[in-house]
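Report on the structure given below.
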Amino acid sequence: MRPKAQCFWSHTIFTMKKLALFASGSGSNFQAIAEACQKGTIQAEIALLVCDNANAFVIERAKEFHIPTFTFNPKQYASKELFETEIVNRLQEAQVDVVCLAGYMRIVGPTLLKAYQGRMLNIHPSLLPSFKGAHAIDDAFNFGVKVFGVTVHLIDDTIDGGVILMQRAFEYYGTSRDEVEAEIHKIEHQLFPEAINRFLEQ
Ligand code: GAR
(Lines give C-alpha, C1' and ligand atoms only; values in the text may rest on other atoms or scores of the structure.)
Protein backbone atom coordinates (compact mmCIF):
# COMPACT_ATOMS: atom_id res chain seq x y z
CA MET A 1 0.00 0.00 0.00
CA ARG A 2 2.10 2.92 -1.27
CA PRO A 3 1.61 6.53 -0.08
CA LYS A 4 -1.09 8.48 -1.89
CA ALA A 5 0.47 10.70 -4.56
CA GLN A 6 -0.89 14.19 -5.15
CA CYS A 7 0.17 16.58 -7.91
CA PHE A 8 1.01 20.03 -6.62
CA TRP A 9 2.21 22.41 -9.35
CA SER A 10 4.97 20.51 -11.06
CA HIS A 11 5.94 18.53 -7.95
CA THR A 12 4.55 15.25 -6.73
CA ILE A 13 4.05 15.22 -2.97
CA PHE A 14 3.23 12.19 -0.86
CA THR A 15 0.68 12.27 1.93
CA MET A 16 1.10 10.03 4.97
CA LYS A 17 -1.19 7.03 5.32
CA LYS A 18 -3.57 7.30 8.26
CA LEU A 19 -3.86 4.54 10.83
CA ALA A 20 -6.54 3.87 13.43
CA LEU A 21 -5.50 1.80 16.41
CA PHE A 22 -8.06 -0.24 18.34
CA ALA A 23 -7.29 -1.23 21.93
CA SER A 24 -9.08 -2.35 25.09
CA GLY A 25 -6.45 -2.25 27.83
CA SER A 26 -2.98 -1.08 28.77
CA GLY A 27 -1.94 -0.10 25.27
CA SER A 28 1.76 -0.94 25.34
CA ASN A 29 1.49 -1.86 21.63
CA PHE A 30 -0.27 1.44 20.97
CA GLN A 31 2.67 3.17 22.67
CA ALA A 32 5.25 1.32 20.55
CA ILE A 33 3.43 2.19 17.32
CA ALA A 34 2.87 5.83 18.33
CA GLU A 35 6.59 6.17 19.13
CA ALA A 36 7.53 4.58 15.80
CA CYS A 37 5.24 7.04 13.95
CA GLN A 38 6.75 9.93 15.89
CA LYS A 39 10.31 8.83 15.06
CA GLY A 40 9.40 8.24 11.43
CA THR A 41 10.25 4.54 11.56
CA ILE A 42 6.62 3.97 10.54
CA GLN A 43 5.73 6.14 7.54
CA ALA A 44 2.21 6.88 8.75
CA GLU A 45 0.28 8.85 11.33
CA ILE A 46 -2.23 7.63 13.91
CA ALA A 47 -5.45 9.52 13.15
CA LEU A 48 -7.64 7.84 15.79
CA LEU A 49 -7.66 5.51 18.79
CA VAL A 50 -10.83 3.42 19.08
CA CYS A 51 -11.37 2.04 22.57
CA ASP A 52 -14.22 -0.06 23.98
CA ASN A 53 -13.30 0.49 27.64
CA ALA A 54 -13.53 3.94 29.26
CA ASN A 55 -11.11 2.88 32.02
CA ALA A 56 -8.37 1.60 29.75
CA PHE A 57 -4.90 3.04 30.33
CA VAL A 58 -4.40 3.30 26.55
CA ILE A 59 -6.62 6.42 26.64
CA GLU A 60 -4.02 8.17 28.83
CA ARG A 61 -1.30 7.15 26.40
CA ALA A 62 -3.26 8.62 23.47
CA LYS A 63 -3.63 11.94 25.34
CA GLU A 64 0.17 12.12 25.74
CA PHE A 65 0.52 11.83 21.96
CA HIS A 66 -2.40 14.24 21.30
CA ILE A 67 -4.18 11.48 19.37
CA PRO A 68 -8.00 11.77 19.23
CA THR A 69 -9.91 8.92 20.84
CA PHE A 70 -13.34 7.47 20.17
CA THR A 71 -14.42 5.61 23.31
CA PHE A 72 -17.62 3.62 23.23
CA ASN A 73 -19.49 1.28 25.54
CA PRO A 74 -20.76 -1.71 23.56
CA LYS A 75 -23.51 -2.27 26.16
CA GLN A 76 -25.08 1.05 25.22
CA TYR A 77 -25.85 -0.21 21.71
CA ALA A 78 -28.62 -2.64 20.79
CA SER A 79 -26.30 -4.62 18.51
CA LYS A 80 -22.74 -5.04 17.27
CA GLU A 81 -23.93 -3.80 13.89
CA LEU A 82 -24.94 -0.47 15.47
CA PHE A 83 -21.70 0.22 17.30
CA GLU A 84 -19.61 -0.94 14.34
CA THR A 85 -21.60 1.40 12.06
CA GLU A 86 -20.64 4.25 14.36
CA ILE A 87 -17.01 3.13 14.37
CA VAL A 88 -16.96 2.97 10.55
CA ASN A 89 -18.38 6.52 10.40
CA ARG A 90 -15.63 7.76 12.74
CA LEU A 91 -12.96 5.97 10.70
CA GLN A 92 -14.26 7.49 7.48
CA GLU A 93 -14.48 10.97 9.03
CA ALA A 94 -10.83 10.64 10.07
CA GLN A 95 -9.96 9.33 6.55
CA VAL A 96 -8.37 6.20 8.00
CA ASP A 97 -6.59 3.96 5.49
CA VAL A 98 -5.51 1.06 7.71
CA VAL A 99 -6.84 -0.32 11.01
CA CYS A 100 -4.47 -1.96 13.52
CA LEU A 101 -5.97 -4.04 16.32
CA ALA A 102 -3.53 -3.67 19.21
CA GLY A 103 -5.09 -5.60 22.08
CA TYR A 104 -8.71 -5.03 20.97
CA MET A 105 -10.42 -7.86 22.84
CA ARG A 106 -13.52 -8.07 20.70
CA ILE A 107 -14.43 -10.10 17.62
CA VAL A 108 -14.75 -7.94 14.53
CA GLY A 109 -18.19 -8.21 12.94
CA PRO A 110 -19.32 -8.03 9.31
CA THR A 111 -20.00 -4.26 9.34
CA LEU A 112 -16.42 -3.31 10.21
CA LEU A 113 -14.98 -6.12 8.15
CA LYS A 114 -16.86 -5.05 5.02
CA ALA A 115 -15.52 -1.50 5.33
CA TYR A 116 -11.87 -2.45 6.03
CA GLN A 117 -11.36 -6.01 4.73
CA GLY A 118 -7.77 -6.46 3.58
CA ARG A 119 -6.77 -3.31 5.48
CA MET A 120 -7.16 -4.54 9.06
CA LEU A 121 -4.15 -5.98 10.93
CA ASN A 122 -4.15 -7.77 14.28
CA ILE A 123 -1.41 -8.73 16.71
CA HIS A 124 -1.83 -12.04 18.52
CA PRO A 125 0.42 -13.35 21.31
CA SER A 126 1.01 -16.86 19.94
CA LEU A 127 2.37 -18.61 16.89
CA LEU A 128 -0.89 -18.99 14.98
CA PRO A 129 -2.60 -21.26 14.13
CA SER A 130 -1.75 -22.52 17.63
CA PHE A 131 -3.49 -20.99 20.64
CA LYS A 132 -6.20 -18.83 19.09
CA GLY A 133 -8.51 -16.82 21.34
CA ALA A 134 -8.36 -14.42 24.26
CA HIS A 135 -5.99 -16.39 26.56
CA ALA A 136 -3.20 -17.34 24.21
CA ILE A 137 -0.27 -16.81 26.59
CA ASP A 138 -1.89 -18.82 29.40
CA ASP A 139 -2.97 -21.54 26.98
CA ALA A 140 0.52 -21.94 25.50
CA PHE A 141 2.21 -21.78 28.91
CA ASN A 142 -0.18 -24.28 30.50
CA PHE A 143 0.22 -26.62 27.52
CA GLY A 144 3.96 -26.64 28.22
CA VAL A 145 5.24 -25.54 24.80
CA LYS A 146 8.90 -24.59 24.60
CA VAL A 147 8.62 -22.32 21.56
CA PHE A 148 6.45 -19.24 22.04
CA GLY A 149 5.88 -16.34 19.71
CA VAL A 150 3.86 -13.55 18.20
CA THR A 151 1.84 -13.26 14.97
CA VAL A 152 0.65 -10.27 12.96
CA HIS A 153 -2.13 -11.22 10.57
CA LEU A 154 -4.93 -9.77 8.50
CA ILE A 155 -8.42 -9.91 9.96
CA ASP A 156 -11.00 -11.97 8.10
CA ASP A 157 -14.29 -13.55 9.14
CA THR A 158 -12.57 -16.33 11.11
CA ILE A 159 -11.19 -16.00 14.64
CA ASP A 160 -7.42 -15.37 14.47
CA GLY A 161 -7.43 -17.13 11.10
CA GLY A 162 -6.60 -14.47 8.50
CA VAL A 163 -3.51 -14.34 6.26
CA ILE A 164 -0.31 -14.26 8.31
CA LEU A 165 1.94 -11.26 7.63
CA MET A 166 4.80 -11.80 10.11
CA GLN A 167 5.74 -14.12 12.99
CA ARG A 168 8.60 -14.21 15.50
CA ALA A 169 9.42 -17.06 17.87
CA PHE A 170 11.61 -17.70 20.91
CA GLU A 171 12.48 -20.73 23.00
CA TYR A 172 11.76 -20.73 26.73
CA TYR A 173 12.67 -23.52 29.16
CA GLY A 174 11.99 -21.68 32.46
CA THR A 175 8.97 -21.90 34.74
CA SER A 176 7.80 -18.28 34.97
CA ARG A 177 4.69 -17.29 33.05
CA ASP A 178 5.56 -13.61 33.74
CA GLU A 179 8.91 -14.01 31.98
CA VAL A 180 7.14 -15.46 28.94
CA GLU A 181 4.66 -12.59 28.88
CA ALA A 182 7.43 -9.99 29.19
CA GLU A 183 9.33 -11.54 26.27
CA ILE A 184 6.16 -11.69 24.18
CA HIS A 185 5.49 -7.99 24.76
CA LYS A 186 9.11 -7.11 23.94
CA ILE A 187 8.78 -8.93 20.61
CA GLU A 188 5.33 -7.44 19.90
CA HIS A 189 6.66 -3.91 20.29
CA GLN A 190 9.24 -4.57 17.56
CA LEU A 191 7.20 -6.85 15.30
CA PHE A 192 3.99 -4.84 14.99
CA PRO A 193 5.71 -1.64 13.76
CA GLU A 194 7.77 -3.76 11.32
CA ALA A 195 4.66 -5.51 10.02
CA ILE A 196 2.78 -2.22 9.59
CA ASN A 197 5.67 -0.81 7.58
CA ARG A 198 5.88 -3.88 5.37
CA PHE A 199 2.13 -3.73 4.78
CA LEU A 200 2.23 -0.03 3.89
CA GLU A 201 5.10 -0.61 1.47
CA GLN A 202 3.35 -3.41 -0.50
C1 GAR B 1 -1.13 -8.06 23.49
O2 GAR B 1 -0.31 -9.07 24.03
C3 GAR B 1 -1.85 -8.56 22.26
O4 GAR B 1 -1.09 -9.49 21.52
C5 GAR B 1 -3.04 -9.22 22.90
O6 GAR B 1 -3.44 -8.32 23.90
C7 GAR B 1 -2.27 -7.70 24.44
C8 GAR B 1 -2.49 -6.22 24.55
O9 GAR B 1 -1.43 -5.62 25.25
N10 GAR B 1 -4.09 -9.44 21.95
C11 GAR B 1 -4.85 -10.54 21.98
O12 GAR B 1 -4.76 -11.41 22.80
C13 GAR B 1 -5.88 -10.61 20.85
N14 GAR B 1 -6.46 -11.90 20.80
P15 GAR B 1 -1.26 -4.04 25.26
O16 GAR B 1 -2.64 -3.46 25.66
O17 GAR B 1 -0.23 -3.76 26.30
O18 GAR B 1 -0.86 -3.60 23.88
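The values are calculated or read from the model by the stated rules, or taken from the named source; none is laboratory data. All of these numbers come straight from a predicted model, not from anything done at the bench. Cβ placement follows ideal geometry from the backbone for every residue including glycine, while neighbour counts extend to all protein chains displayed. Just so you know, the surface numbers come from the protein's heavy atoms only, side chains and all, with ligands and any DNA or RNA stripped out. Shrake-Rupley method; radii C 1.70, N 1.55, O 1.52, S 1.80 Å.
Structure data summary
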quantity: Summed side-chain charge close to residue 168 - residues other than residue 168 whose Cβ falls under 11 Å, Lys, Arg +1, Asp, Glu -1; calculated: -2
quantity: Cα long-axis angle, helix 80-93 against the chain (0 to 90 degrees, to the nearest 10); calculated: 50 degrees
quantity: Lysine-lysine proximity count for the chain, Cα under 27 Å, sequence distance 8 or more or distinct chains; calculated: 26
quantity: Additional length obtainable on full extension of the chain from residue 64 to residue 35, 0.36 nm per residue less Cα span; calculated: 9.3 nm
quantity: Computed label-point distance, nm, for sites residue 134 and residue 45 using a 7 Å Cα→Cβ extension; calculated: 3.5 nm
quantity: Rounded Å value of the spacing that divides the Cα centres of segment 56-121 and segment 140-202; calculated: 22 Å
quantity: Net charge over other residues, Cβ less than 14 angstrom from the Cβ of residue 85 (K, R count +1; D, E count -1); calculated: -1
quantity: Helix 177-201 vs. the chain, principal-axis angle (Cα, 0 to 90°, nearest 10); calculated: 30 degrees
quantity: Degrees separating the helix 28-39 axis from the principal Cα axis of the chain, which is the longest one; calculated: 40 degrees
quantity: Accessible area in square angstrom per residue, the chain, 1.4 angstrom probe; calculated: 53 Å²
quantity: The chain, helix-only ellipticity at 222 nm - DSSP H runs n ≥ 4, -39,500 (n - 2.57), divided by all residues, nearest 500; calculated: -11500 deg cm²/dmol
quantity: Fraction of accessible area attributable to carbon and sulfur, the chain (%, probe 1.4 Å); calculated: 52 percent
quantity: Inverse mean reciprocal Cα-Cα distance (Kirkwood Rh) of the chain, Å; calculated: 17.6 Å
quantity: Counted charge near residue 113, where neighbours are those whose Cβ lies closer than 15 Å (Asp, Glu -1; Lys, Arg +1); calculated: -1
quantity: Histogram of C-alpha separations across segment 71-112, 10 Å bin width, %; calculated: 26, 61, 14
quantity: Unit charges on C-beta of K, R, D, E only; dipole of segment 94-200, Debye; calculated: 280 debye
quantity: The chain - percent relative contact order, Cα under 8 Å, separation 6 or more; calculated: 21 percent
